[in-house]
Structure formats: structure tokens, C-alpha cells
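Only the coordinates and a few stated rules stand behind these numbers; no lab work does. Keep in mind that what you see is a predicted model, and the values were worked out from it rather than measured. Cβ placement follows ideal geometry from the backbone for every residue including glycine, while neighbour counts extend to all protein chains displayed.
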Amino acid sequence: MRRFSTASIIVLALTGLTAGLSVSGESKTGGTLRITPSRPWDFGYVPLDYKLSRKYTLLNTGSDTLTIKRLEPSCDCTTGELDRWVLAPGDPGAMNLIFNTRNFYGGQTKSLSIFSTDREVPERIIVYDAIIADPPGEISLSKPSIFLLPEKVEDSVTLKNNSSRDIAFRVVYQDQALFSLHGRTDAIPAGESRRILVRRARIIPIGTHYSTFTLEFRGAEVFRLSTPVKLVQY
């Protein structure tokens, strides 16, 4: 079986400006921006024409106020949603990165640049990878995504092991503020299935929310698979 390369959300720091430079008319506030997670990350295999997301924490670790000036995606398939644009010292903020898989197929690498008043590192780049294709044939899913309207509390997806060996798997990402996962997440015996139940959180903000959970499998190869979760709250 051909092995796809999946890789890494990598937070890269570009120091294109020095502390002595500023844009005319802009505030000279500083601050120091730290983004987590910063470890390697990938969406893995994802379905075509859905929205996937990953949440990040933005923390001002400096002694001055930090302002996020703008977000610049590498394409219109990527957006970032910030809960705040100004961070006081020690103040954390949240950003939801959303990737729309429409019109893409195969391996993709995209990015989102975050420009701020951090004088040392004024531009930070979040890079992510995804493989828009069906997962390896040893695993199949009963459905490509989860959709929960206000009157629907839960839904499920069934994972089928089509191989002749046991396949171990684990949850590597979920947005616990919006939903919880229930069911055994250890291994799928050869030829058997596992049902993963997705249950909406008791309280979520009004609006339409795009989220994701990501599973990592260890069978003939190690690979990840992300399932889009869309929740609506009136």
C-alpha cells in the first residue's frame, strides 16, 4: 500500500522587522505572542467538500499589550476566527482555524499568517497538511461527517476494520467545548467495528460551529483520519 506523507502543523517564526521599525500611524505597543499547539500536527485523511477546524491558543507572554493586526491565509480555503484582537500581558485568546476542502484532492499544504505588534517576531505562520481522499482500505467509515441541529443531541459514526489484523487507534484531537466522544477507543479487532458516539455540549454559543475530531490508527501503517462536526444552535 502506498504511504502518504502527512505532516505537520508547524508554527514558524519570521523576523522580517526589527524592534526599531514601525508602520506609520500604528500603535507602538509590543507584547510577545506565543501560539499553542506548536508541536507537529496533521489533519490526515479528510473528506472532500467539508469544513475542518483546529483551535489554537494565543498567549501574550510579554509585559506590553499585544495587538493582532491582521490574518493572511495562503488561499481563500483557509480562515481564522479570533475571539479577541487585543491581548493584555498574560492574557490568552483563542483562534479557530477553518479549512474548507472544496475543489481540492490529494495532499495539500496550506498556511495562515498572523501579524501582530510583537516586535521580535511580527509574523507567525501556522502551516497545516491534509490528504483529501478516502482513508487506506483497511478502515472504512459509515459516514463522512457529523451534523447536529439544536434538537439533535447526539449522532455516531461506525469504524470498520476490513483487515485481517487488529488495528489500534486513539483520539488525538477533539473540541471538548462543543462536543464529547464516547465509546471504546483502543483497538478494533480484525473484521469487527467500533461505534463512536458524538454528543453535543450542554451549552454552546448561538450560531453555526465547524469543528473536527481526529483519530490516529496503527495498522499496516500509521495514519490519521479527521471527521468534520457541524453544530447549529439557535
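Give the residue list of trypsin sites (Lys or Arg not before Pro) in region 60-97 that are DSSP loop and have at most 16 other beta-carbon atoms within 10 angstrom.
Values: sites: 69, 70, 84; in loops: 84.
Sparse-neighbourhood loop trypsin sites (Lys or Arg not before Pro): 84.
For a quick protection proxy, order the peptides 108-118, 195-205 by their average other-Cβ count within 10 Å, most packed first. Intermediate results must be reported in sequence, preceding the final value.
On the way: 108-118: 19.9, 195-205: 14.7.
Output ranking for 108-118, 195-205: 108-118, 195-205.
Quick one: what are the phi-derived ³J(HN,Hα) couplings along region 192-209, Karplus 6.51/-1.76/1.60 with θ = phi - 60°, whole Hz, x for glycine and proline?
10, 10, 10, 9, 10, 8, 10, 10, 5, 5, 5, 10, 9, x, 5, x, 9, 10
If we count every other residue with Cβ under 11 angstrom of residue 55's Cβ, Lys/Arg +1 and Asp/Glu -1, where does the sum land?
Numbers: positive: 54; negative: 81, 83, 175.
In short, -2.
Normalised by the number of residues in region 45-124, what is the relative contact order in percent for Cα pairs under 8 Å and 6+ residues apart? Walk me through the intermediate numbers first.
On the way: 155 pairs, mean separation 32.0, N = 80.
This gives 40 percent for region 45-124.
Between residue 49 and residue 190, what's the calculated FRET efficiency when r is the beta-carbon distance and R0 is 41 Å? Round to 0.05. Show your work: numbers first, answer last.
Details: r = 32 Å, r/R0 = 0.78.
Taking R0 as 41 Å, the efficiency between residue 49 and residue 190 is 0.80.
Considering every Cα-Cα pair within the chain, what fraction, in whole percent, is farther apart than 22 Å? Show your work: numbers first, answer last.
Details: 15442 of 27261 pairs.
Value for the chain (Cα pairs over 22 Å): 57 percent.
Let me check against my output: what whole-number percent is the relative contact order of the chain, with C-alpha pairs under 8 Å and at least 6 apart? Present the calculation step by step, with values, prior to reporting the outcome.
Details: 621 pairs, mean separation 50.3, N = 234.
So the answer I get is 22 percent.
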